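Engineer: If you scroll down you'll find the structure; I have some questions about it.
The values are calculated or read from the model by the stated rules, or taken from the named source; none is laboratory data. Note that this is a predicted model, so its numbers are computed, not measured. Please note: Cβ atoms are built from the backbone with ideal geometry, for glycine as well, and neighbour counts cover all protein chains shown. Protein only, heavy atoms only, side chains kept; ligands, DNA and RNA dropped before computing areas. Shrake-Rupley method; radii C 1.70, N 1.55, O 1.52, S 1.80 Å.
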Amino acid sequence: MRLLSELLIGYLDSLTGHLALAAYLMAVTDERAVWGRLKKLPPLLLSPLVGVLLSMGMYAVPQLRMFQYYILSLVILVMCTLWVRWVWRFGFWQAFAVTCMAGIFQVADTTVTIMMFSEGSFQFAMTVGLHLGISVATAFLLYRMGFGKWFRLLIDNESAPWRTALLLLALEAAMEMFLRLVNGIRPEFLGVYYLLVVVMVVLMAVLMVYLAQRFNAARKIQVQEDIIARQRLYEQDLEIIRQEVRAFRHDYKNLLANLSRQAGEGELEELRRTLSELDVGFDRRIGKKIQVSTQIGNLQIPEARSLLLSKLTDMRKKKVECRLEVLYPVMSVDMDIWDFVRCLGILTDNAMEAALETGEPYVEIVLLVQGRSLFLRVSNPYINTIDPGKMWDEGWSTKGAGRGVGLSGYRRIVDRYPNVSIGTSWESGVFVQELTVEGRP
């Protein structure tokens with residue numbers, strides 16, 4: 001009977017830890033669609049049951065008893081990582097880093113609340129309630145302070161995510177050691193001990209924010225340099241247009257004299273042909289350049305304009321026709337601008353890669369503003385087979401699995417925004433990706 005009671009307490013204690021971990025996961029991922037994630041919570045709650053059964057199995061083997069806690073902690077960490085990967089569609093190392101970061105906070109408040117635990121169901125219930133209360137309150141505070149935004153920036157853009165994951169694993173292991181040491185602390189030193197735990201977890205959080213800020217500063221410098229380079233390219237295009245206009249103006253009088261002569265001699269058919277050639281020649285030499293410059297000018301978000309200028313340059317080098325349409329000024333978008341730029345870059349890169357496989361490559365990009373909402377449409381020709389069941393997998397592209405830029409990262413970004421919806425279609429050799437960002441009140 002006593003064994004059954006201990007197993008029940010162990011299960012409830014582990015369940016409480018998992019619920020606290022879920023609260024911290026929402027905070028460190030800067031999750032906006034909380035209820036959508038909570039719907040996928042039940043599979044995570046199987047982890048405490050697996051943990052209790054594993055604990056029973058290891059307890060029956062004397063040689064494993066001294067390592068029981070560490071083995072159990074590692075197994076639970078891996079199971080939670082797999083759940084995070086499934087829910088947020090992260091890569092393994094990203095999911096592992098997120099789980100470790102949330103685990104640091106969860107173990108820290110477990111360490112603080114364990115001092116209240118003693119025998120008795122009432123005392124245990126108070127400990128559980130305090131643990132969950134501190135977890136929810138701290139997670140909400142982290143969310144309001146914007147910790148998740150910095151942490152997402154760090155894990156989403158880290159060139160080597162395994163380094164961040166291993167660093168966080170080491171920090172999480174340190175917090176686990178603090179938890180294990182609590183029973184050996186003399187009562188008169190408990191106050192200092194708990195203060196040290198709080199200071200440690202705060203320093204760990206500050207370290208993550210500091211690393212993210214350094215990365216963000218480096219990225220902004222890179223973006224500014226890119227903006228300057230692309231603006232120079234833009235100015236070069238304007239200079240080409242100016243020179244073409246001057247050349248056209250030089251020939252203007254001769255063209256008019258020729259047209260006047262043809263009209264006077266009744267050469268109507270020849271007049272129509274000359275006018276048609278003049279129109280085509282003007283469009284080829286000047287018209288398209290003016291149109292692209294005008295469309296780019298309507299995109300008044302510097303980060304997005306810089307990206308498009310970069311992509312236009314790449315398309316020009318690869319001889320991919322770009323059909324850009326931005327009829328009305330686009331001044332803002334109701335989502336994080338860097339997330340929007342990443343989405344635009346992924347869709348454009350995928351479209352260009354697929355278009356290069358066709359005989360007449362082109363990419364059509366449409367940006368349309370309606371009120372506070374923004375509509376983006378990127379389309380391209382394709383010749384490969386599209387598998388709807390695999391297109392969101394890591395590394396998928398219309399050129400085949402493992403090539404090009406995958407759509408999985410794009411899907412992870414938009415899943416964070418309740419006001420963002422996406423659409424995908426393909427028909428008659430044209431592949432279309434649509435992104436709609438609704439204006440939030």
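Engineer: Give me the mean projected area, in nm² to one decimal, of the convex hull enclosing the Cα positions of region 331-389.
Structural biologist: Taking a quarter of the hull surface, the average projection is 5.1 nm².
Engineer: Here's something else I'd like to know. Amide H to amide H, which residues 5 or more places from VAL330 or on other chains are under 5 Å from it, using H placed in the peptide plane?
Structural biologist: LEU299, GLN300
Engineer: Would you pull out the residues with amide H under 5 Å of VAL363's amide H, same chain only if 5 or more places away, H placed 1.01 Å from N?
Structural biologist: Counting only residues 5 or more places away or on other chains, the set is GLU321, CYS322, ARG323.
Engineer: Could you tell me the calculated FRET efficiency between LEU45 and LYS319, based on Cβ-Cβ distance and R0 = 56 angstrom, to the nearest 0.05?
Structural biologist: Given R0 = 56 Å and the Cβ-Cβ separation, E is 0.50.
Engineer: OK, next. Assuming R0 = 41 Å, what is the FRET efficiency of ALA174 and TRP426, from their Cβ-Cβ distance, to the nearest 0.05?
Structural biologist: 0.20
Engineer: Provide the per residue accessible area, probe 1.4 Å, for region 289-374, rounded to a whole number of square angstrom.
Structural biologist: 45 Å²
Engineer: Which net charge results for the neighbourhood of VAL78, defined as the other residues with beta-carbon distances under 15 angstrom from its beta-carbon, given Lys and Arg at +1 and Asp and Glu at -1?
Structural biologist: -1
Engineer: Karplus couplings for region 161-169 from phi (6.51 cos²θ - 1.76 cosθ + 1.60, θ = phi - 60°), rounded to Hz, Gly and Pro as x?
Structural biologist: Once rounded to whole Hz, the list reads x, 5, 5, 4, 5, 5, 4, 5, 4.
Engineer: May I pose another question? Taking a threshold of 31 Å on the Cα-Cα distance, which of the pairs LYS220/LYS318; LYS40/LYS311; LYS39/LYS220 fall above it?
Structural biologist: In this structure, LYS40/LYS311; LYS39/LYS220 lie more than 31 Å apart at Cα.
Engineer: Among 16-25, 166-175, how do they line up from the highest to the lowest mean number of other beta-carbon atoms within 10 Å?
Structural biologist: Averaged packing, sorted descending, gives the order 16-25, 166-175.
Engineer: Further question: Which whole-percent values make up P(r) of region 64-103 when all C-alpha to C-alpha distances are grouped in 5 Å steps starting at zero?
Structural biologist: Reading the bins upward from 0: 6, 27, 27, 17, 11, 8, 3, 0.
Engineer: Moving to a separate point now. Show me, for region 148-153, the HN-Hα J-couplings you get by feeding each phi into the Karplus relation (A = 6.51, B = -1.76, C = 1.60, θ = phi - 60°), rounded to Hz, glycine and proline as x.
Structural biologist: These are the phi-based 3J(HN,Hα) values: x, 5, 5, 5, 4, 4 Hz.
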